[in-house]
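Visitor: Here it is, the structure, as structure tokens.
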Amino acid sequence: MNTPYPAAGNGRADGRAGGHGVVAEKEFASYYDRPILKPPTWKASNIAGYLYLGGLAGASSVLAAGGELTGRPRLARASRVAAVAGVSLSLAALIEDLGRPERFVNMLRTFKPTSPMSVGTWLLSAYTPLAVAGLASDLTGRCPALGRAAGYGAALLGPAVTTYTAALLSDTAVPAWHEGHRELPFLFAGSAAATAAGFALIATPLAENGPARRAALAGTAVELVAGRLMRRRMGMIADAYELGSAGALMRAAETLAVAGAAGTLLSRRRRALAVASGAALMAASAFVRFGVFAAGVASTEDPRYTVVPQRARASAPPHHPG
Amino acid sequence: MSERTAEAATRLPQVQEETGYADHPPRMGFFTDTSVCIGCKACEVACKEWNQLPADDPLEFTGMSFDNTGQLSASTWRHVAFIEQRKPMRAPTGAGDDGAGDLRLLMASDVCKHCTDAACLDVCPTGSLLRTEFGTVVVQEDVCNGCGYCVSACPYGVLDKRERDGRVWKCTLCYDRLVDDLTPACAKACPTESIQYGPLDELLERAAARVRDLHEDGVTDARLYGHDPADGVRGNGAFFLLLDRPEVYGLPPAPMDTTRDLPSIWRHAAAAALTLAAGVAAAFALERR
Ligand code: SF4
Ligand code: SF4
């Protein structure tokens with residue numbers, strides 16, 4: 001008997017075809033029910049806020065470029081303002097969350113493709129000046145050609161700004177984030193489109209907000225579908241998104257998103273309704289980010305989310321013959 | 001399966017080469033044989049002393065057997081776990097043998113695994129986390145900006161932030177002692193050689209032999225953990241002999257360095273970004289004027 005890794009001594013679930021629940025009952029063990037993983041050190045207000053504001057910024061830059069190209073100056077300006085406000089506050093939240101904020105620049109001493117946070121920092125370093133230059137030129141009327149070029153540059157990077165944060169969360173051991181790595185970027189992209197469009201619905205007159213209405217509807221649809229798909233795909237880990245405060249946030253987000261989308265549909269000629277719908281969509285998107293954040297934290301606090309899926313993997317027959 | 005393949009399967013990658021060290025000592029690490037641990041916590045104390053680690057506050061009684069430390073943390077780099085079980089230590093050898101009683105107290109000293117594929121090191125955006133010439137993983141405290149990414153990346157829950165300090169801390173495998181050819185403080189202090197330090201190749205051979213002996217003695221629960229280069233982190237520079245499933249000790253049963261999924265993660269993020277761009281473009285293009 002020389003195999004160093006014998007089958008688990010007790011309660012081996014040989015008939016474990018019945019999905020996670022069965023495995024959970026038969027196989028779950030833990031050390032005094034303590035978490036295996038450390039909960040994120042990140043503060044919800046900072047990091048969920050950073051996710052949300054980054055999404056608002058990136059998608060707004062795309063809307064701004066569309067407004068510019070199609071002759072909708074008020075849509076373009078409002079979106080530029082949203083982009084700059086979003087990315088500034090987003091960066092501020094990120095820096096505030098560091099244990100040593102004065103060392104933020106250490107992020108720029110290296111570029112590491114294996115670290116989504118490194119990639120994201122460089123991305124923001126390229127995106128932010130472009131967004132700021134685009135807005136500054138628009139507001140002051142100086143260097144219009146350069147300003148427009150900067151705005152298009154920001155629009156090219158904007159989509160990446162909205163979705164790299166999903167990669168950042170997914171590349172962790174946090175079960176609710178890592179197991180959602182396929183759908184999370186779509187959830188974030190959809191909710192970013194909805195929130196940027198929501199802001200445009202609030203800030204621009206009816207005559208210019210046709211594209212924002214359609215972007216709001218499409219974004220909401222992607223957001224809702226991606227969220228559902230993600231939970232269906234992740235087995236028992238979906239509980240982290242459905243129970244507790246994360247569950248409450250995710251449900252509130254869905255309700256607000258549906259209400260905001262319905263209002264958007266009916267708002268072609270009603271300015272007040274457009275404003276209310278835009279606000280609902282922005283709130284929905286913020287709730288999504290806080291919900292995803294809370295689900296991640298919850299999935300680190302209960303060892304079941306770590307043990308049960310991993311046990312199912314570990315109890316599969318070893319790949320080398322004993 | 002021949003003896004030879006069994007041994008071949010238990011060699012861990014010389015990860016220093018992959019990092020780019022041309023000339024380096026053999027990969028060093030820990031073999032923690034929990035079957036001889038007596039729960040004295042000398043390792044915890046020696047580690048605190050040598051590394052001058054502050055106390056974890058608040059000090060409290062947990063009610064978890066003899067474990068009032070609770071977990072590895074920014075200021076606790078060795079943690080002894082205690083598990084009381086109603087179970088004989090070994091299988092009865094025949095009629096009249098009760099298998100050495102019907103209670104067993106499992107004790108195990110946990111530590112940073114110094115993974116071959118270390119997620120903490122992969123995700124660190126400042127380059128603060130570093131692979132040493134010994135193949136171990138250390139935090140450079142003068143670089144770390146306390147972003148906390150490594151804390152969420154570690155599949156073992158090893159790293160944590162020291163709140164008043166703002167930076168993360170973890171076991172260095174006594175890098176400062178290693179460069180002077182000294183044994184790490186915990187291994188030096190361990191009175192039963194439960195913690196063994198040395199070149200990983202040697203430790204792995206010793207561990208395989210120990211498992212064989214224990215099995216022959218009827219301790220069929222003995223198994224190695226973290227020794228397998230085919231696992232989700234390509235093996236640990238600090239591996240263990242356990243007497244129960246890993247999760248019983250608070251260890252993940254099948255940990256993975258999630259950077260393995262990074263290509264897929266980036267692909268999906270890129271596809272979502274393109275979807276966003278195309279969707280907004282369509283929202284403009286569909287205008288009936
Ligand atoms: S156990 Fe965690 S902290 Fe230690 S090397 Fe592995 S990933 Fe890094
Ligand atoms: S907390 Fe420090 S060591 Fe950890 S990833 Fe951030 S900079 Fe690197």
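What follows draws every value from the coordinates through simple rules; no lab data is involved. Predicted model only: the values in this text are computed from it and were never measured. As a convention, Cβ positions derive from the backbone with ideal geometry for all residues, glycine included, and neighbour counts pool all protein chains shown.
Visitor: With charges only on Cβ, +1 for K and R and -1 for D and E, what is the dipole size of the protein assembly as shown about its Cα centre, in debye, rounded to 20?
Guide: With Lys and Arg at +1 and Asp and Glu at -1, about 3520 debye.
Visitor: Can you tell me how much longer the chain between residue A:233 and residue A:44 gets when fully stretched, taken as 0.36 nm per residue apart minus their C-alpha distance, in nm with one decimal?
Guide: Length difference between fully extended and current span is 65.5 nm.
Visitor: From Cα coordinates alone, what are the radius of gyration and Dmax values for chain A in angstrom?
Guide: Every Cα atom of chain A included, Rg and Dmax give 22.4, 81 Å.
Visitor: Could you work out which residue, out of A:280, A:246, A:149, moves most in a Gaussian network model of chain A, that is, has the largest mean-square fluctuation with Cα springs under 10 Å?
Guide: Answer for the Gaussian network model of chain A: A:149.
Visitor: Using a 10 Å cut-off around each Cβ of peptide A:74-81, what is the average number of partner chain Cβ atoms that fall inside?
Guide: 0
Visitor: Going down the table (B:41/B:113; A:38/B:188; B:41/B:87; A:38/B:48; A:38/A:112; B:113/B:161), which pairs top 26 Å between alpha carbons?
Guide: As for pairs spanning more than 26 Å Cα to Cα, those are A:38/B:188.
Visitor: Here is a follow-up. Using R₀ = 56 Å, calculate the FRET efficiency as 1/(1 + (r/R₀)^6) where r is the Cβ-Cβ separation of residue B:282 and residue A:28; round to 0.05.
Guide: 0.75
Visitor: Something else about it: Please return the longest range in chain A lying between exposed loop sites, taking trypsin sites (Lys or Arg not before Pro), DSSP loop only, at most 16 other beta-carbon atoms within 10 Å, and leaving the sites out.
Guide: Result for the longest clean stretch: A:143-267.
Visitor: Residue B:22 versus residue B:188, label points 7 Å from Cα toward the beta carbon: distance in nm?
Guide: My value for the distance between the label points is 3.3 nm.
Visitor: If amide hydrogens are placed 1.01 Å from N in the peptide plane, which non-local residues have theirs closer than 5 Å to the one on residue B:32?
Guide: Excluding prolines and chain starts, which carry no amide H, the hits are B:196, B:239, B:240, B:241.
Visitor: Please report, in whole Å³, the volume per residue of the convex hull around the C-alpha atoms of the range B:2-258.
Guide: With only Cα atoms used, the range B:2-258 gives 128 Å³ per residue.
Visitor: Can you check what the net charge comes to around residue A:133, using other residues whose Cβ is under 11 Å from the Cβ of residue A:133 (Lys, Arg +1; Asp, Glu -1)?
Guide: Spelling it out: positives minus negatives among the neighbours equals +2.
Visitor: Another question, if that's okay. For the range B:100-201, with only Lys/Arg (+1) and Asp/Glu (-1) charged at the beta-carbon, what is the dipole magnitude about the Cα centre, in debye rounded to 20? Don't jump to the answer; show the numbers that get you there.
Guide: Details: 10 positive and 15 negative charges, 56 e Å.
So the magnitude is around 280 debye.
Visitor: Please list, in chain and number order, the residues 5+ apart from residue B:65 or on another chain whose amide H is under 5 Å from its amide H, with Hs placed from the backbone.
Guide: Answer set, sorted by chain and number: none.
Visitor: Using the number of other C-beta atoms within 10 angstrom as an exposure proxy, rank B:159, A:256, A:123 with the fewest first.
Guide: Numbers: B:159 27, A:256 21, A:123 17.
Ordered by Cβ neighbours within 10 Å, fewest first: A:123, A:256, B:159.
Visitor: Continuing with the same structure: What order do you get for B:37, B:150 when you list them from fewest to most C-beta neighbours inside 10 Å?
Guide: Least crowded to most crowded, the residues run B:37, B:150.
Visitor: Only sites in a loop by DSSP and with at most 11 other Cβ atoms within 10 Å count here; which GluC sites (Glu not before Pro) in the range A:148-225 make the cut? Intermediate values should be presented prior to the final figure.
Guide: Values: sites: A:179, A:183, A:208, A:223; in loops: A:179, A:183.
The qualifying sites: there are none.
Visitor: I'd like the Karplus ³J(HN,Hα) series for the range A:216-223: coefficients 6.51, -1.76, 1.60, θ = phi - 60°, whole numbers in Hz, and an x wherever there's a Gly or Pro.
Guide: Karplus-based 3J(HN,Hα) across the range A:216-223 equals 5, 5, 5, x, 4, 4, 4, 4 Hz.
Visitor: Same structure again: Taking the Cα centre of chain A as origin and charging only Cβ (+1 Lys, Arg; -1 Asp, Glu), how large is the dipole, in debye to the nearest 20?
Guide: The calculated dipole for chain A is roughly 740 debye.
Visitor: Report the one residue of A:229, A:205, A:245 whose Cα lies farthest in the direction of the positive end of the charge dipole of the range A:194-246 (charges on C-beta: Lys and Arg +1, Asp and Glu -1; origin at the Cα centre).
Guide: Among A:229, A:205, A:245, the one farthest towards the positive end of the dipole of the range A:194-246 is A:229.
Visitor: For the protein assembly as shown, with the dipole built from +1 on Lys and Arg beta-carbon atoms and -1 on Asp and Glu ones, taken about the Cα centre, which of A:280, B:255, A:67 lies farthest toward the positive end?
Guide: A:67
Visitor: Quick one: what are the phi-derived ³J(HN,Hα) couplings along the range B:119-129, Karplus 6.51/-1.76/1.60 with θ = phi - 60°, whole Hz, x for glycine and proline?
Guide: Coupling constants for the range B:119-129: 4, 4, 5, 4, 8, 4, x, 9, x, 5, 6 Hz.
Visitor: Would you tell me the mean number of C-beta atoms belonging to other protein chains that fall within 10 Å of each C-beta in A:271-278, as a whole number?
Guide: Values: counts 0, 0, 0, 0, 0, 0, 0, 0.
Per-residue shielding by partner chains comes out at 0.
Visitor: Residue separation times 0.36 nm, minus the C-alpha to C-alpha distance between residue B:60 and residue B:11: what's the value? Walk me through the numbers on the way to the answer.
Guide: Details: separation 49, 0.36 × 49 = 17.64 nm, distance 4.15 nm.
Additional length available on full extension: 13.5 nm.
Visitor: What is the fewest-to-most order of A:42, A:122 by other Cβ atoms lying within 10 Å of their Cβ?
Guide: Values: A:42 23, A:122 15.
Sorted ascending by nearby Cβ count, the order is A:122, A:42.
Visitor: Quick one: Cα centre-to-centre distance for the range B:168-221 and the range A:263-296, in angstrom?
Guide: Going from one Cα centre to the other spans 57 Å.
Visitor: At a Förster distance of 22 Å, what's the computed FRET efficiency of residue A:108 paired with residue B:141, Cβ-Cβ distance as r, to 0.05? Could the numbers behind the result be given before it?
Guide: On the way: r = 19 Å, r/R0 = 0.86.
Given R0 = 22 Å and the Cβ-Cβ separation, E is 0.70.
Visitor: In deg cm²/dmol, rounded to 500, what helix-only [θ] at 222 nm does chain A give when every DSSP H run of at least 4 residues adds -39500 (n - 2.57) and the total is split over its residues?
Guide: Estimated from H runs of four or more residues: -24000 deg cm²/dmol.
Visitor: Hey, can you grab everything whose amide H is under 5 Å from the amide H of residue B:115? Only 5+ residues off in sequence or another chain; H modelled, so Pro and N-termini drop out.
Guide: B:237
Visitor: Quick one: P(r) of the protein assembly as shown from all Cα-Cα pairs, 10 Å bins, percents rounded to integers, in order of increasing distance.
Guide: Using 10 Å bins, I get a P(r) of 3, 16, 25, 22, 15, 10, 6, 2, 0, 0 for the protein assembly as shown.
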